[in-house]
1. Given the options A:68, A:30, A:46, state which has the largest fluctuation in a GNM of chain A using a 10 Å cut-off (strictly under) for Cα springs.
2. In the protein assembly as shown, with Lys and Arg counted as +1 and Asp and Glu as -1 at Cβ, which of these residues, A:301, B:450, A:51, has the Cα nearest the positive end of the dipole, that is, farthest along it?
3. Can I get the semi-axes of segment B:393-492's equivalent ellipsoid? Compute them from the C-alpha gyration tensor as square roots of 5 times the eigenvalues, in angstrom, largest first.
4. Between A:251, A:197, A:50, find the one with the highest GNM mean-square fluctuation for chain A; connect C-alpha pairs within less than 10 Å.
5. Would you be so kind as to identify all helices of chain A, as entire DSSP H runs, whose Cα atoms reach 18 Å or more along the helix's own axis and whose mean Kyte-Doolittle hydropathy is at least 0.0?
6. Consider a paramagnetic label point 7 Å from the Cα of residue B:139 along Cα→Cβ; state which residues of segment B:72-99 have an amide N under 13 Å from it.
7. Express the accessible area of chain B per residue in Å², computed with a 1.4 Å probe while the remaining protein chains stay in the model.
8. Need one number: % antiparallel among DSSP beta bridges in segment B:21-164, to the nearest 5.
Amino acid sequence: MRTYFKSIKFRDAGTLIGLILISIVFALMSPVFLTAPNLLNILQQSSINACIALGMTLVIISGGIDLSVGPVAALTAILGAAMLVAGVPIPLAIFGALAAGVVCGFVNGALIAWGGLQPFIVTLGGLSLYRALALIYTGGQPIFGLPDGFRALTNGTFLDVPTPVIIVASLAVVAWVILNKTPLGEYFMAIGGNPEAARIAGVPVVLTKLAAYMISGFMAAVAAMILIGRLGAAEPTMGTLWELDAIAASAIGGASLMGGRGSIPGTLIGCIILGTLRNGLTLLNVQAFYQLLATGIIIIVAMLIDKFASGVGGGKQG
Amino acid sequence: MPPRLSLTDVQKTFGLTKVLHGVALTVQPGEVHGLLGENGAGKSTLLNILCGVLTCDSGQIAIDGAAVHIASPRDATTAGIAMIHQELQQVPELTVTQNIFLGHALRRGIFVDRARQEAEAKRLLSALDPAIDVTAPIRSLRVAQRQIVEIAKALRGNAKIIAMDEPTSSLTPAEFEKLVAVIAKLSAQGVSVIYVSHKMDEVFRVCQTATILRDGRLIAQVPIPATPVSDVIELMVGRELAKSTHQSHATNRTLLKVIGLSRGRAVQDATFDLRAGEVLGIAGLVGSGRTELMRLIAGVDRADTGHIEVAGAVIPAGPRARITAGLGLVPEERKRDGIIRHRPVTSNTGLPAMRRFSRLGVIRRAMLRAKTEDLMRQVNLRPLDVARPIGSFSGGNQQKAIIGRWLAAGTQIFLFDEPTRGIDVGAKAEIYDLIERLAAEGKAVLFVSSELPEVIRLADRVLVMREGKISATLGPDQITEAHIARHAIPST
């Protein structure tokens, strides 16, 4: 495994260097940037995207894509909030919302794995479908008045670290273990790398795909719980364009949209890069339009570096 | 007169692996020069350096005595070097003419001068194969004709050196004869040809000289056909290939029963038994249903009717159920159906047996690595580095890893579809030894092969397929080329 891990780590090290370079620039330009509260702030602001991106990374590695994460988050947020407001006990409401996320993922996965439909199209359909369900259920209105007991879960800190960061970091460890230490992780890599070869080698392709989308749905629901906990309300329109941030973070972190390759640490660093960029540019009072521009440039630059770096030492051996 | 092409002291390193150790190659004008070596010997790397896909770390390239610097495919084209790849790089929807002039259109003003292009394409092809219609789309041509078009394209670019990488891998014997004639014409025009092939009979037909590489080193440059074939092979593999005689290990214990297996017209009512320790060959023409039958048995495709039994129990469809029952398929198309390119050897060999290598749902990497290394030592994987991505190994070594996959899974019934397709002589002999060892251990082996010497060497019994049906079962004393051919060829 040594060389293999070396090559993955090599890629992750590259992403980390990118993050450090961006941080140095901001640290030189803003005295506030390199303070503990601001850095924790970046982590916290990145945590929701990271949560989504973890699931997205597993889906991308398995050769798919999940465009429906934002609407799944909105739908589960609405369901969770409705249950909480109706007085359902907090653990039960959270469980219900997370289960709803898993069900949404299952529907996506079933259409893809059993139905043989293309992931892009299925989850594009899901993108509209789940959003529509959230809007229909609420009539387009937000749900206010979430109980304080629930809000305390995501608004507190543990050893000065905001709880959302702790939650997402724990989930990242779980995702890393799944990807690198379990047969399921090998199956994700295998079906993303070569689905037909994986099938002939006895990989349970259908179950593996289902698992990827169910995990993605679960992570979307977790992100939804964090967000409504912080806002104290659930809106049917929340989560718009989340899928793009998550895909961007995965790609910056080294996930190949062709499947078969990607890394959990890489994705996390990718999320922090995007979060740092937003934070730093806001500190420098850069207009939102230019922030968007910077994000776009970073994504493209990351892909260009990737392209050139993978060209070095590559090539077929004879 | 200086040589047409001279490469001296070419060195190339990939990462930590040195793949070329000061290789030299000298080709005379009009010479047909064989480039021989096992997979992994460095032939592809050398060709890629020559045609600008890779750059060498050090070394000199000279054409007609003048040093040239080749840093890109464009440089190679300018220097007069063209390469006919094994997998032809053409646009199937475009016409012959359009492919020949791809990227180098003849123009009149800003427009493409189609008439002049077609006339020029006709002129180029008239010397090679006048039967090719220059207005036909490439996809309507046979592979052999496409190859000729590729050669015409090289001549259009005034190539002085044409390198052909395994040009006959998908040609019929008749088409090969045509290629021999074309190569003779090229040679007569003073074009030098570098001919890469594993097939000794071809090399001895077309080449005048051969350069032999082994493990990235220049071993010898020998005259052909003056040098005996056995000497050439020995130089390639670095050892004498033992001539082994066939020995049967077949027992009376039936392991696999195939009963009435059918799928469309491809496979019709296939019924036979396979016993422990037996090596059963399936012969027949390409398209006779051999691969389809293997896929049905392996559960990769679903049968319309019929079933299989292992040790008396009916086995449900699907690759997983079949693998659990002790079957394992080594597919013909290694890249498409066999390997997960970017994953290390460990992940590729461990794939069907990941659960076996896990405890409480967590893979025991050290155990997986140790087991894989052990198996790969047995099959002589080179280099023995199981952490490397499988895609970085040569075809023969990839095949060893895929066979190792089923050894790791404890497979009892091995299904090989063209086990030595695209594999060099050395690795071929190793795979034969491996198949014989499996049989000696009491495993059952079913293999499809288009190479009759292979069938004759390995099989205890042979099923001959013709148009989807098993047309004959040949016992030990009936396995001859004549018998197989008689049952394989459709009576018209």
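The values are calculated or read from the model by the stated rules, or taken from the named source; none is laboratory data. Just so you know, these numbers come straight off a predicted model, no measurement behind them. We place every Cβ from the backbone using ideal geometry, glycine too, and count neighbours over all the protein chains shown. Protein only, heavy atoms only, side chains kept; ligands, DNA and RNA dropped before computing areas. Shrake-Rupley method; radii C 1.70, N 1.55, O 1.52, S 1.80 Å.
1. A:30
2. A:51
3. Whole-Å semi-axes of the equivalent ellipsoid: 26, 15, 13.
4. Judging by the Gaussian network model, the answer is A:197.
5. On the way: long enough: A:2-29 (40 Å, 1.09); A:36-61 (34 Å, 1.30); A:69-85 (23 Å, 2.14); A:90-113 (34 Å, 2.07); A:119-138 (28 Å, 1.35); A:163-181 (26 Å, 1.90); A:205-231 (39 Å, 1.80); A:264-283 (28 Å, 1.31); A:288-311 (35 Å, 1.60).
Membrane-span-like by this rule: A:2-29, A:36-61, A:69-85, A:90-113, A:119-138, A:163-181, A:205-231, A:264-283, A:288-311.
6. Label zone hits: B:91-95.
7. Heavy-atom accessible area per residue stands at 42 Å².
8. 60
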